[in-house]
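So the structure is just underneath, and the comments pick up after that.
The values are calculated or read from the model by the stated rules, or taken from the named source; none is laboratory data. The structure displayed is predicted, hence computed values, not measured ones. Cβ placement follows ideal geometry from the backbone for every residue including glycine, while neighbour counts extend to all protein chains displayed.
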Amino acid sequence: MARRSSKTPSGRGAAGTSSGADVEERILDIDVVDEMQGSFLEYAYSVIYSRALPDARDGLKPVHRRILYQMHDMGLRPERAYVKCARVVGEVMGKLHPHGDTAIYDALVRMAQPFSMRLPLVDGHGNFGSLGNDDPPAAMRYTECRSAPASSLMVESIDEDTVDFSPNYDGSEQEPVALPAAYPNLLVNGSSGIAVGMATNMPPHNLVEVIQAARHLIRHPNADLDALMRFVPGPDLPTGGQITGLSGIRDAYEKGRGTFRIRATVSVETVTARRKGLVVTELPFAVGPEKVIGKIKDLVNAKKLQGIADVKDLTDREHGLRLVIEVKNGFNPEAVLAQLYKLTPMEETFGINNVALVDGQPLTMGLKELLEVYVDHRFEVVRRRSEFRRTKRRDRLHLVEGLLIALIDIDEVIRIIRSSDNAAQAKDALMERFALSEIQTQYILDTPLRRLTRFDRVELESERDRLTEEIEQLTQILDSDAELRKLVSQELAQVSKKYGTPRRTVLLDADAAPVEEVPLQVADDPCRVLLSSTGLLARTADGNADFAEPAARAKHDVIVSSVHATARAEIGVVTSAGRLLRVSVVDLPQLPASASAPALAGGAQLSEFVSLEARERVVCLTTLDESSPGLAIGTASGVVKRVVPDYPSNKEELEVIALREGDAIVGAVELRTGEEDLVFITDEAQLLRYPASQVRPQGRQAGGMTGIKLGDDARVISFTAVDPAAEAVVFTVAGGEETLVGSHGSAKLTPFDQYPRKGRATGGVRCQRFLKGEDHLIFAWAGAAPPRAASRTGAPLSLPEIDPRRDGSGVPLEKAVAVVAGPV
């Protein structure tokens with residue numbers, strides 16, 4: 001490449017000569033490779049030094065430093081009012097930063113985001129964006145800002161000659177080369193940037209931990225990395241989360257480069273009555289919920305992620321981040337979580353690259369080197385501040401001493417001044433008479449006479465003593481390295497105490513058991529499905545729960561129906577309207593295997609699984625096993641039916657009996673052997689017992705047959721099936737229209753074997769004698785002993801002692817009994 005240089009004989013440019021003048025030409029041949037290398041190196045140095053990399057002393061890039069300094073210069077302190085961000089950006093761009101307003105505003109916004117900075121440097125007011133930049137910040141004409149308390153620490157004592165200043169881009173202003181930085185900002189807030197041929201990526205850390213390490217290094221300059229890592233075990237990210245891969249962190253602290261993995265903080269909760277969910281409360285650093293939701297939906301649509309039913313973002317200002325991922329029934333939440341960690345941004349890798357400028361040169365440093373650079377910078381700042389303050393106090397002491405000399409003989413001072421022809425003559429006379437310096441003499445001449453009272457002399461003497469003491473203290477700091485170190489350590493401790501916060505990020509051992517070992521889908525293990533008297537439905541591992549009578553009963557412990565099934569099977573729910581509704585067992589909440597009694601406090605309401613019509617209720621649960629003896633059904637009008645177990649799998653709803661108009665099922669039981677006794681009890685206190693073999697099984701569409709002969713206006717109030725070989729009881733409660741207010745009727749508990757078997761369709765025998773005012777049964781039940789009773793709310797109740805008389809009268813009840821059931 002050729003470069004042409006044209007000059008006139010006089011040495012001026014050709015444009016400045018008259019036309020026709022001789023022009024001397026000089027052509028320089030320059031290799032294009034050399035030109036490109038030189039130009040590129042200049043550009044690379046400009047990017048590295050002036051834009052992309054932070055200074056290791058204050059941890060700031062030039063744009064961040066200029067913003068903080070300009071806000072300090074504008075007086076935007078934490079206690080002042082907010083101002084428009086556009087005003088700050090304009091001041092920074094016009095005076096210090098020779099780049100666009102977008103870059104300045106982006107840097108200002110990041111310093112105000114609590115999810116980006118561990119200790120925010122700007123106090124923002126307005127929309128400054130959201131995590132992961134899912135919601136971008138508002139324009140700078142809408143948002144407002146002022147300095148945060150931490151920002152004041154960064155510029156503290158900057159006016160006391162603590163740091164060097166350099167000209168701005170046009171030489172019209174001065175800007176600091178580095179800020180005093182009262183805390184290790186580079187480690188606390190981290191930094192990221194891409195320069196030419198190099199980049200930096202440093203995670204935030206906990207302020208308290210970093211300051212403890214810095215103070216330890218001040219006390220023990222030869223401390224090794226292990227000693228420092230006892231204080232700084234790892235990064236502390238503003239968004240929390242969990243860090244795995246501690247070996248990578250040690251590599252970064254030792255060599256300046258390393259990697260670790262950040263996991264979201266997730267808990268398994270019951271998000272609906274039918275489903276469990278993964279509740280995300282903390283995400284990896286710089287990852288937003290929208291990014292996670294979008295990735296999950298893409299993977300589900302591509303069928304690469306299984307077990308996800310729905311994803312909801314319930315984040316708000318009151319509760320913070322809350323991302324609810326509903327898990328399909330039949331899938332293990334822990335295994336689904338393992339898939340999410342593997343396939344989505346809920347687990348991310350962070351690469352540490354500790355590159356920062358030291359004396360203008362980019363260096364890759366470990367934890368100790370970073371702390372050493374900061375501590376040395378802080379030593380220099382405190383040393384220069386102490387020197388500045390000592391000089392100021394010495395100058396003031398010099399003036400105070402001169403004024404005290406004048407006050408001792410004030411009359412002579414006044415005489416000399418009055419006898420002088422002008423101020424210069426007075427100054428010379430005073431300097432000669434009292435041996436004062438020129439500065440002291442001028443200060444005396446400038447002092448008003450009102451300051452020369454006896455009280456002011458006392459004040460001046462007190463100020464002289466105070467200045468002398470402060471000068472001695474500052475001199476001691478400057479002359480003693482130990483005192484300097486002690487002061488720096490104390491100041492760091494004060495910052496830690498005032499601004500320190502607890503650690504947010506949890507450090508996990510990388511050798512912990514992986515979640516991937518959990519099977520994805522729930523195993524088809526045997527279980528029992530339980531229905532409580534209050535309509536709660538749940539399942540428990542078959543054989544794991546102890547169904548013996550507990551020492552102390554709990555609410556919801558009366559189980560009115562129980563069936564054996566497997567976790568991935570279906571069961572039937574029989575209603576009083578003669579319908580059988582299918583329910584998937586895996587949809588039911590599972591009770592803990594350690595349950596000491598079948599109390600269903602952790603169950604879900606039936607309404608979550610089946611839809612019932614008005615006045616319709618569930619009477620029992622049944623398996624859909626077609627090899628079983630089938631259902632036995634009794635209605636209010638005395639009809640009995642044994643249903644042939646025929647349940648087509650392609651129908652969600654089946655009819656098990658054709659009911660007459662106005663009739664309803666009062667009881668239904670799945671027979672286990674077919675040898676049980678069927679028991680009817682009417683409101684007229686008649687009990688009929690006969691073998692189930694007397695009832696011929698019928699198809700689902702049949703209407704049944706006569707089960708008990710009823711009197712006029714009589715109704716069946718209880719139908720059950722009882723194993724004749726087992727110990728059983730009959731419980732009845734009588735009442736009437738004339739029963740006293742507040743009475744709950746009279747109850748009787750009788751052994752089942754007191755009632756003889758009769759033939760089907762007969763009237764049965766009397767089971768309770770009515771007392772005065774009683775004319776019908778208001779409640780009845782027959783089943784295996786020992787019975788359990790409960791109120792309408794599920795609270796356990798006690799029953800009266802057993803009365804061996806078949807047709808005896810009852811005893812008054814203290815509380816109303818709503819349900820009675822036998823052992824499970």
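Observations on the model:
- Within region 366-421, the set of residues being without any contact (Cβ under 8 Å) to a residue 24 or more places away in the chain and of a type in the set (Lys, Arg) comprises 392, 415, 418.
- Residue in region 168-184 that is outside any loop (DSSP other than H, G, I, E, B) and surrounded by fewer than 16 Cβ atoms within 10 Å (Cβ to Cβ) present: yes
- Residue in region 594-606 that is modelled with pLDDT of 90 or more and within 15 Å of residue 329 (Cβ to Cβ) present: no
- Selection of helices (runs of 4 or more DSSP H) fully inside region 431-512 by the criterion of at least 2 residues being touching a Lys or Arg at 6+ places or on another chain (Cβ under 7 Å) and small (Gly, Ala, Ser) returns 481-499.
- Applying the condition of being under 30 Å from residue 195 (Cα atoms) and of a type in the set (Gly, Ala, Ser) to region 357-400 and asking which residue is surrounded by the most Cβ atoms within 10 Å (Cβ to Cβ) yields 366.
- Some residue of region 224-241 being of a type in the set (S, T, N, Q), over 30 Å from residue 182 (Cα atoms) and either part of a helix (DSSP H, G or I) or touching a residue at least 12 places away in the same chain (Cβ under 8 Å) (or both): no
- Residue that is in a loop (DSSP other than H, G, I, E, B) and in contact with a Phe, Trp or Tyr (Cβ under 8 Å, 6 or more places away or on another chain), where the choices are 196, 210: 196
- Among the candidates 681, 717, residue that is surrounded by fewer than 24 Cβ atoms within 10 Å (Cβ to Cβ) and assigned to a strand (DSSP E or B): 717
- Qualifying positions in region 85-95 - touching a helix residue (DSSP H, G or I) at 6+ places or on another chain (Cβ under 9 Å) and surrounded by fewer than 22 Cβ atoms within 10 Å (Cβ to Cβ): 86, 90, 91, 93, 95
- Yes/no for residue 686 being within 59 Å of the chain's Cα centre (by Cα) and assigned by TED's automatic domain parsing to the domain that holds residue 770: no
- Extreme residue, farthest from the chain's Cα centre (by Cα), among residues of region 741-784 that are assigned to a loop (DSSP other than H, G, I, E, B) and among the hydrophobic types (A, V, I, L, M, F, W, C): 761
- Verdict on residue 457 being farther than 30 Å from residue 209 by Cα, outside the structural domain of residue 148 (by TED's automatic domain parsing), loosely packed, with under 15 Cβ neighbours inside 10 Å and basic (Lys, Arg): no
- Residue within region 670-677 that is buried (at least 16 other Cβ atoms within 10 Å of the Cβ), β-branched (Val, Ile, Thr) and at pLDDT below 95 present: no
- Restricting the first member to region 612-624 and to residues that are in a loop (DSSP other than H, G, I, E, B), and the second to residues that are modelled with pLDDT of 90 or more and among the aliphatic types (A, V, I, L, M), the beta-carbon pairs closer than 6 Å and six or more apart or on different chains are 616/577.
- Against the numbered list (1) surrounded by fewer than 22 Cβ atoms within 10 Å (Cβ to Cβ); (2) within 15 Å of residue 687 (Cβ to Cβ), residue 771 comes up short only at (2).
- Members of region 397-435 that are closer than 30 Å to residue 490 by Cβ and touching an Asp or Glu at 6+ places or on another chain (Cβ under 8 Å): 400
- Screening region 321-356 for residues that are among the β-branched types (Val, Ile, Thr) and in contact with a Gly (Cβ under 7 Å, 6 or more places away or on another chain) and picking the one that is farthest from residue 197 (Cα to Cα) gives 327.
- Residue 81 meets the conditions (1) closer than 28 Å to residue 195 by Cβ; (2) more than 29 Å from the chain's Cα centre (by Cα); (3) of a type in the set (Gly, Ala, Ser) in every case but one. The failed one is (1).
- Residues that are within 29 Å of residue 106 (Cβ to Cβ) and either of a type in the set (Val, Ile, Thr) or without any contact (Cβ under 8 Å) to a residue 24 or more places away in the chain (or both) within region 186-210 comprise 188, 192, 194, 196, 200, 210, listed in sequence order.
- Flag if residue 766 is touching a Pro at 6+ places or on another chain (Cβ under 9 Å), basic (Lys, Arg) and more than 30 Å from residue 580 (Cα to Cα): no
- Residues in region 128-149 that are at pLDDT below 95 and out of contact with any strand residue (DSSP E or B) (no Cβ under 9 Å at 6 or more places or on another chain): 129, 130, 131, 132, 133, 134, 135, 136.
- Pairs with Cβ under 8 Å, 6+ apart, first in region 658-682 and more than 19 Å from residue 760 (Cα to Cα), second assigned to a loop (DSSP other than H, G, I, E, B) and aliphatic (A, V, I, L, M): 658/702; 659/577; 663/636; 664/577; 664/636
- Lone qualifier among 632, 702 - being under 20 Å from residue 761 (Cβ atoms), in a loop (DSSP other than H, G, I, E, B) and either of a type in the set (Val, Ile, Thr) or in contact (Cβ under 8 Å) with a residue 40 or more places away in the chain (or both): 702
- Boolean, residue 385 is within 51 Å of the chain's Cα centre (by Cα), within 30 Å of residue 438 (Cβ to Cβ) and in the same structural domain as residue 432 (by TED's automatic domain parsing): yes
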